[in-house]
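> Can you keep this structure in mind? I'll have questions shortly.
Any read-out appearing in this document is the output of simple, stated calculations on the displayed coordinates, not a laboratory observation. Everything numeric here is computed off the predicted structure, so don't read it as measured data. No Cβ is skipped: glycine too gets one built from the backbone with ideal geometry, and neighbour counts run over all protein chains shown.
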Amino acid sequence: MALKGLDIFKLTPKTNCKDCGNPTCMAFAMKVAQGAIPIEKCPHMSPEALASLSEATAPPMKSFKIGEHSLGGETVLSRHEKTLVSKTLYAVSVCDCMDAAKQDAVLAAIPTVDYERISERMYVEMVFVNHSSDKSADDYVALVNKAKALGRPMILSCTDTAAAKAAVAAAAGCDFILDGADESNYADMSAIAKEAKVLLGVRAASLEALHETVEKLEAAGNKDLILDVGTASIKDAYANAVQIRRAALKDGDRTFGYPSIVNVAAIAGGDAHMEAALLSLFTCKYGSIVVCSEMTYAKALPLYGLRQNIFTDPQKPMKVTPGIYPINGADENSPCCLTVDFALTYFLVSGELERSKCPVNLLISDASGMSVLTAWAAGKFSSSSVKKFMDEFDIANKIKSRALIIPGKVAVMKGEIQDKLPEWDVIVAPNEAVQLVKYMKDEEWKKGLTGKSADAAAAAAPAAEAAPAPKKVNPAPPIVVTGPYKLDDKEITYKGHDPASKKFVTIGERIHCISPAIRKAMETYDEGPILKRAAEQIAAGATYLDVNIGPAESNGPELMQWAVQLLQQNFNNVPLALDTANKAAIEAGIKVYNRTNGKPIVNSADAGSRIDNINLAAANDAIVIALCSADGIAKDNDERMHHCHNMLERGLSLGMEADDLWFDPLFLVVKGMQDKQMDVLNAIKAFSDEGLKSTGGLSNNSNGMPKHIRPIMDSALVAMCMMQGLTSAIVNPCDQRLMETIKSCDVFKNNTLYADSYLEI
């Protein structure tokens, strides 16, 4: 298994000579552990160390290429542990025992299933060509030639060495696997495979016999193997597949460290429904190649969807390729419907548009795989990103229509997009995708047309029905301070915060633009909902309030200044975290920020494209939340610490104190990433061991859970995190159970003096 960065560091010269291009030997070791650079990059590494590292870092399962496809190379049993690297390949079986007409029919049907899903081609990758013992070598060669004509990699399944040799000769010039070595013929079959330089499939009556045969083949110098799990029964095949994979990955048995073949066509015994079930089963556990009798769309659609879900990076969202997707025969005169590249959003929107039967060009903009509202709040889906997308894909020259329909949930973007794209009619769609069918059929979108192209003018509704021109965002009104804010007739004021205190810092998360009520309040500068949310959180004991205004491209600085002054003037200068992708808005907020009760927090920087936010924090004497990520969630704690050290180095070089960088390991959703929770806890411990402060959106862990479960999970996690050294968290302070747990943990950590009334403090 791969070594950790510290293990590699121990084998380096430890001279910090910089000859490898890295500032320190530690930095070099971290990059080697991540696979970013080869170990050979160090010119001073000893031969013994190189040999040791080569052996230690070799994957437990060998990897191979067959045509354009990869096999093996796996390091984990489950996708939530780490990305699975080689997707299951599907093969259709054809046998020389079939008559010629049947053979032709089977082969002709293979290319009929061929479609695209989320930018991935879905088709039958291989042909399994089976030799029957009662057929001659000539019969088998004739079938191999037929299968070869399809142009796809083949699996030549044959235990007869003479027939195998003839088939291998016939298959020359194409990609194939020779499958058929067993206890009786392995030496001859190995010689044939080695001469042809192809993978050799190995089978046996039992796992013990398979292990022995593989050992003999390895001793003879053949380590280009693939293991057949057998076809005796469903139970045996499944048990063998699991045991082979576990032996290789968990027990370190390299004799079983090879990809596998599962012939479900033989196991199912002609039962089509059983075969479909087995295809799904062995896609999950653990067929590198799974063989079936046929592939139809009825089998393919759920099967390939399952495979795609399993063999994707669980730390990266599923995305579709940005671009123009014509629907229902749309042409250059058809209206455009804009949305983000999150796969689920694409399927929902495209499906409803298809149901409408109306021609429309679906425009998919790059939003880093986030949903509409999340992308908007994170600044990934904004008027600037839309303008950039329209320019990059030359939409204006490819499409004559000037109708641009945007998602209803980001109607606030209409005016901003209209300013960036003055030649287009920006039209707001309904909030929900299911409403698109009626919206398109009834041509409601035409009410927003103003005749900005000849085609639009011809289709536009009467002027009386046209939508009003987009309004500019009004400037922020003056702040009204009416004395101590009252919540349920109780005066609410902020009691103050000692920055030197060791008490756990809670950052209230509930002033967030994704909330419909808060979003509307920010659009209209309505003080009421924002003050109410703030009062509730302060009354519950929040140390800081997070103010998330979203990208706010048109009025970000004004909106942030208004929000900062509104909250601080009404609540005794409550300290705030300024949360937006708009750097100008953060800077504007800091200019009017009162530091009486604590420095402002810049939320947030990362080790990738947002690392300059550390510069912003340093220039303004602010705290910064530093996400230990770059272009996605870190795959392990070595990578987290690498990002942590890079950001720490950046901050210190700019004159920041280490205490002003709060490192966020990124809390992960339990549903789907359960096995990653201990990694997060260990990362927090690593921050603490280095004397660093830490924080993060702790409530992310319980996303998707029932409401009554979330407080239980959040309170349990915060207790575990605090005992690991977590110093802060972005949470819902109105969760009483959570806050009681935090206060109790502060007592146990000796951060708060115990009193019988401590919960009321």
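> Based on the alpha-carbon gyration tensor of region 506-749, what equivalent-ellipsoid semi-axes (square roots of 5 times the eigenvalues) come out, in whole Å, largest first? Before the final figure, lay out the partial values.
Values: eigenvalues 137, 101, 55 Å².
One finds semi-axes of 26, 23, 17 Å for region 506-749.
> To continue, here is another question. Over region 531-673, with a single point scatterer placed on each C-alpha, what log10 of the ratio I(q)/I(0) does the Debye formula yield at q = 0.09 1/Å?
Each listed q maps to, in turn, -0.29.
> Which of Lys235/Lys285; Lys502/Lys532; Lys502/Lys685; Lys65/Lys194 have a Cα-Cα distance over 24 Å? Let's see the in-between values first.
On the way: Lys235/Lys285 13 Å; Lys502/Lys532 29 Å; Lys502/Lys685 16 Å; Lys65/Lys194 16 Å.
In this structure, Lys502/Lys532 exceed 24 Å between Cα atoms.
> On a C-alpha basis, how far is the centre of region 547-564 from the centre of region 218-259 in Å? Whole number, if you could?
Answer, in whole Å: 58.
> Another question about this same structure. Based only on other Cβ atoms within 10 Å, what is the fewest-to-most ordering of Phe311, Phe571, Phe176?
Details: Phe311 16, Phe571 21, Phe176 27.
Ascending Cβ contact count within 10 Å gives the list Phe311, Phe571, Phe176.
> Moving to a separate point now. Starting from the Cα gyration tensor of region 117-214, take the square roots of the eigenvalues, sort them a ≥ b ≥ c, and report rounded, prolate or oblate (rounded when a/c is under 1.5, otherwise prolate if a/b is larger than b/c, else oblate).
Values: a/c = 1.94, a/b = 1.29, b/c = 1.50.
It comes out oblate by the Cα gyration axes.
> Next question. Want the number for Lys250 to Glu120: 0.36 nm per residue separation, take away the alpha-carbon distance, what's left? Kindly include the intermediate steps, with their values, before the conclusion.
On the way: separation 130, 0.36 × 130 = 46.80 nm, distance 3.10 nm.
Difference between extended and current length: 43.7 nm.
> Moving on. Which percent of Cα-Cα pairs in region 86-310 sits in each 5 Å bin, short to long?
1, 7, 16, 19, 21, 17, 12, 6, 1, 0
> How big is the gap, in Å, between the Cα center of region 694-723 and the Cα center of region 599-659?
Taking the Cα centre of each part, region 694-723 and region 599-659 sit 23 Å apart.
> Using Cα positions and a limit of under 12 Å, work out the aspartates and glutamates in reach of Lys447, with same-chain residues fewer than 8 apart set aside.
List returned: Asp425, Glu465.
> Same structure, new question: Beyond 31 Å between alpha-carbons counts as too far, so tell me which of Lys486/Lys707; Lys486/Lys743; Lys223/Lys671 fall in that bin.
Values: Lys486/Lys707 28 Å; Lys486/Lys743 25 Å; Lys223/Lys671 39 Å.
The answer is Lys223/Lys671.
> Answer rounded, prolate or oblate for region 674-749, using the Cα gyration tensor with square roots of eigenvalues a ≥ b ≥ c: rounded when a/c is under 1.5, else prolate when a/b is larger than b/c, else oblate. Working shown, then result.
On the way: a/c = 2.10, a/b = 1.32, b/c = 1.59.
Oblate is the answer for region 674-749, as a/c is 1.5 or above yet b/c matches or exceeds a/b.
> Per-residue HN-Hα couplings for region 295-301, Karplus 6.51 cos²θ - 1.76 cosθ + 1.60 at θ = phi - 60°, whole Hz, x for Gly and Pro?
10, 10, 5, 4, 7, 5, 4
> Could you run the Karplus curve 6.51 cos²θ - 1.76 cosθ + 1.60 with θ = phi - 60° over region 431-448 and give me ³J(HN,Hα) per residue in whole Hz, x for Gly and Pro?
Once rounded to whole Hz, the list reads 5, 10, 4, 4, 7, 5, 4, 5, 4, 6, 4, 7, 6, 5, 4, 5, 5, x.
> In nm, what is the difference between 0.36 nm times the number of residues separating Lys388 and Val480 and their Cα-Cα distance? Before the final figure, lay out each step's value.
Details: separation 92, 0.36 × 92 = 33.12 nm, distance 3.89 nm.
29.2 nm is the gain from fully extending Lys388 to Val480.
> While we're on this one: If you average the sequence gap of Cα pairs under 8 Å that are 6 or more apart and divide by the length of the chain, what percent do you get for the contact order? Spell out each step's value before the answer.
On the way: 1441 pairs, mean separation 58.6, N = 761.
With pairs under 8 Å counted, the relative contact order is 8 percent.
> Determine ³J(HN,Hα), in whole Hz, for all residues of region 506-511 in sequence, where each value follows from phi through the Karplus function 6.51 cos²θ - 1.76 cosθ + 1.60 and θ = phi - 60°; x replaces Gly and Pro.
With the stated coefficients, region 506-511 comes to 9, 10, x, 9, 8, 9 Hz.
> Further, regarding this structure: Each label point is 7 Å from the Cα along the Cα-to-Cβ direction; what then is the distance between the points at Ala272 and Ile514, in nm?
Result: 4.4 nm between the two label points.
> Taking 0.36 nm per residue of separation and subtracting the Cα-Cα distance, what length does fully extending Lys447 through Glu432 add? Display every interim value, and only then the final one.
On the way: separation 15, 0.36 × 15 = 5.40 nm, distance 1.88 nm.
Result for the pair: 3.5 nm of gain on full extension.
> Now, a different point. For the chain, what is the calculated [θ] at 222 nm in deg cm²/dmol (nearest 500), taking -39500 (n - 2.57) for each run of four or more DSSP H residues and dividing by its residue count? Intermediate results must be reported in sequence, preceding the final value.
Numbers: 29 runs with 301 residues, N = 761.
When only DSSP H runs of four or more count, the value is -12000 deg cm²/dmol.
> Volume per residue, Å³, of the convex hull around the alpha-carbon atoms of the chain?
Working: hull volume 153.0 nm³, N = 761.
That works out to 201 Å³ per residue.
> In what sequence do Cys336, Cys97 fall when counting other Cβ within 10 Å, fewest first? Write out the running numbers ahead of the final one.
On the way: Cys336 21, Cys97 15.
Fewest to most other Cβ atoms nearby, the residues stand as Cys97, Cys336.
> Another question, if that's okay. Which cross-chain or sequence-distant (5 or more) residues have an amide H under 5 Å from the amide H of Leu487, H modelled 1.01 Å from N in plane?
Here Ile492 satisfy the definition.
> Out of residues 5 or more away from Cys95 or on other chains, whose amide H comes under 5 Å of its own, with H placed 1.01 Å from N in the peptide plane?
Amide H neighbours of Cys95: Asn130.
> Also, quick follow-up: Of Tyr304, Tyr90, how do they rank once you tally other Cβ atoms within 10 Å and put the fewest first? All intermediate terms of the calculation are to be shown ahead of the outcome.
Numbers: Tyr304 23, Tyr90 26.
The order, fewest Cβ neighbours first, is Tyr304, Tyr90.
> Around Tyr544, which amide H atoms from residues at least 5 apart in sequence, or from another chain, sit under 5 Å from its own amide H, with H modelled in the peptide plane?
Thr506, Ile507, Gly508
> Also: Which of the residue pairs Lys380/Lys676; Lys380/Lys635; Lys18/Lys599 have a Cα-Cα distance greater than 28 Å in the structure shown?
Details: Lys380/Lys676 26 Å; Lys380/Lys635 22 Å; Lys18/Lys599 38 Å.
Table pairs above 28 Å Cα-Cα are Lys18/Lys599.
> Right, something else. Where the eigenvalues come from the Cα gyration tensor of region 323-465, what are the semi-axes √(5λ) of the equivalent ellipsoid, largest first, in whole Å? Can you show the working numbers first?
Numbers: eigenvalues 87, 59, 42 Å².
Square roots of five times the eigenvalues give 21, 17, 15 Å.
> If you don't mind, another one. Excluding residues on the same chain fewer than 8 positions from Lys388, give the aspartates and glutamates whose Cα lies under 16 Å from its Cα.
Output for Lys388: Asp341, Asp366, Glu416, Asp419, Glu423, Glu553.
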